[in-house]
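Notes follow the structure.
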Amino acid sequence: MIFWSLAFVVTAVACAALYYAGAGRRVNATAAVVDSPELAHLKLQLKEIESDLALGRLGAAEATAAKGELARELMRLKATTKAATDSGARRGIVAVAAVITAVLAFGVYGALGRPDLPAQPLAERQDVPPPEMTLDDAIARIEAQLKAKPEDLRGWTVIAPAYMQMGRFADAANALRKAIELDGPTADRETDLGEALMMANSGSAAGEPLALFRSASNRDVTHVRSRYYLASEAMREGDFATAKAGWQGLLKLSKGGETWLANAEAGLAAAEAGLGGDMPANADIAAMVEGLSSRLNQSGGTIDEWTRLVRSRLVLGQTELAQTAYDAARKAYPAAGDRAELDVLAADNGLVASN
């Protein structure tokens, strides 16, 4: 009841303000022209002009000019009186409009408003966060859209990396196949599909993933990711000559500062060591990596040491072990700000941030 009383008072004040603002009142504007003192004064001036003309005080031209000026004054007086008359009608229109506005306002609020709800300050409303949508909710919504519209290329393109993030590698591969089916293969799509299949196959690039990486590198000779995977796989298989050529090709594409640059340089050094027949040295490298892994898993270490371990696994072509090391590093350093370099390295090499 208090709300409606206040609403009525506020509405009445607002309507009154609108009325007086729109009515355009004028002082003494309701007097008729025939009773106007201004008109009587003009008539008196006209008689004086005619008298001066008859007595020779004014010439004919001067008298005509004076009469013209009086005529303009008379026209101005009539226009003013007419505006005052119209103002009365306008006030009526404004009054009706104000009443209609008030009635509509109360009617609409009565139908849509909620006066029963408690008051909430504006500052508190702004602090209320919008409901958050989880990744699972977003995935479910996109899946429903794709079920209704399976030819939605954008939907398949968006959901594929989300599946990878969730560790649903088979679903990611299926989404990427649909994208290729709808819009044709590209170097990125083929490499993404190869990554998904490789992760679904415990990190092994043998078979279709390797064929996809080769196709992507042939499609775009400057495509870094596909060539990186090819060089890494050659290292894993012990084909040091192919690995060396692959790392050298990657280094030629570098402009300096890329996240994969250190990996490529380390890979080239390892490939050259393998070609030189320095197997003990190569075995020493592997032993050092295993020693670092053992120490970090038992006693922990700095984020730089975890990053070095993941990079070493990748250089040696040990993708599955690199993923395991990355998972352990994320557990040891849960704050994303602490492992920015590691996350970039992982993302560039197809490692997944599992929950």
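The values are calculated or read from the model by the stated rules, or taken from the named source; none is laboratory data. Everything numeric in this text was worked out from a predicted model, so none of it was measured. Cβ placement follows ideal geometry from the backbone for every residue including glycine, while neighbour counts extend to all protein chains displayed.
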Discussion item. Among the residues in the range 288-300, are any farther than 29 Å from residue 167 by Cα, without any contact (Cβ under 8 Å) to a residue 40 or more places away in the chain and either aromatic (Phe, Trp, Tyr) or part of a helix (DSSP H, G or I) (or both)?
Written reply: yes
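Residues checked against (1) surrounded by fewer than 19 Cβ atoms within 10 Å (Cβ to Cβ); (2) touching a Lys or Arg at 6+ places or on another chain (Cβ under 9 Å); (3) among the basic types (Lys, Arg):
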residue: 150; (1), (2), (3): yes, yes, no
residue: 182; (1), (2), (3): yes, no, no
residue: 198; (1), (2), (3): no, no, no
residue: 215; (1), (2), (3): yes, no, no
residue: 220; (1), (2), (3): yes, no, no
Practice prompt. Evaluate the following for residue 219: is it basic (Lys, Arg), touching a helix residue (DSSP H, G or I) at 6+ places or on another chain (Cβ under 6 Å) and free of Cβ contacts under 8 Å to residues at least 40 places away in the same chain?
Written response: yes
Practice prompt. Taking only the range 184-196 into account, find how many residues are buried (at least 17 other Cβ atoms within 10 Å of the Cβ) and not hydrophobic (A, V, I, L, M, F, W, C).
Written response: 6
Worksheet item: If a residue has to be under 18 Å from residue 322 (Cβ atoms) and part of a loop (DSSP other than H, G, I, E, B) to count, how many in the range 198-237 make the cut?
Response: 6
Discussion item. Restricting to the range 109-161, count the residues that are at pLDDT below 90 and small (Gly, Ala, Ser).
Written reply: 6
Practice prompt. Just one of (1) at pLDDT 85 or above; (2) crowded, with 17+ Cβ neighbours inside 10 Å; (3) not aliphatic (A, V, I, L, M) trips up residue 317, so point out which.
Written response: (1)
Discussion item. Quick check on this structure: which one of 325, 340, 329, 353 is outside the structural domain of residue 240 (by TED's automatic domain parsing), under 36 Å from the mean Cα position of the chain (by Cα) and either assigned to a helix (DSSP H, G or I) or in contact (Cβ under 8 Å) with a residue 40 or more places away in the chain (or both)?
Written reply: 353
Worksheet item: From the set of residues in the range 181-209 that are hydrophobic (A, V, I, L, M, F, W, C) and at pLDDT 95 or above, which is farthest from residue 316 (Cα to Cα)?
Response: 182
